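The structure under discussion appears below in the form of structure tokens.
The values are calculated or read from the model by the stated rules, or taken from the named source; none is laboratory data. The model shown is predicted, which means the values in this text are computed figures rather than measured ones. Here the Cβ positions follow ideal geometry from the backbone for every residue, glycine too, while neighbour counts run over all protein chains shown.
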Amino acid sequence: MTKLKEKKTLAELIAPYPGKWVVLDFEETKVFGVSKNLKTAIKQAEKNGVVIPSVIKSPENDLNGFTYGSIKTAFYNRLFSD
């Protein structure tokens, strides 16, 4: 009998890429592009076959203790801050 892999959380997926743009597939299960530049990350993802990407900016600090909601909130706060 084979074990099913446990789905990684968003925090686990983006943890290795602090302060970078991370492009995931639509279901947010796999990383397809990573860069400090948003356009470069999206181009990488397109080369890797992503049609409808999910894009997030990884927080610069350690992700320990972050949840999916807090990461999204941190991203939107950074995006819309003055």
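Do you know which residues across the range 34-51 are assigned to a strand (DSSP E or B) and over 9 Å from the mean Cα position of the chain (by Cα)? Break it down into steps so the answer makes sense when it comes.
Step one: filter the range 34-51 for residues assigned to a strand (DSSP E or B), giving 34-35.
S35, the sole residue that qualifies.
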Do the conditions hold for F32, that is, is it under 24 Å from K5 (Cα atoms), at pLDDT below 90 and of a type in the set (F, W, Y)? no
Subset tally (residues that are over 18 Å from E60 (Cα atoms) and either aliphatic (A, V, I, L, M) or assigned to a helix (DSSP H, G or I) (or both)) for the range 1-23: 2
Give the range 43-82 a look and list any residue that's closer than 18 Å to L10 by Cβ, among the β-branched types (V, I, T) and modelled with pLDDT of 55 or more, or say none. V50, I52, V55, I56
When every residue in the range 24-47 that is under 22 Å from E60 (Cβ atoms) and among the charged types (D, E, K, R) is compared, the one surrounded by the most Cβ atoms within 10 Å (Cβ to Cβ) is E28
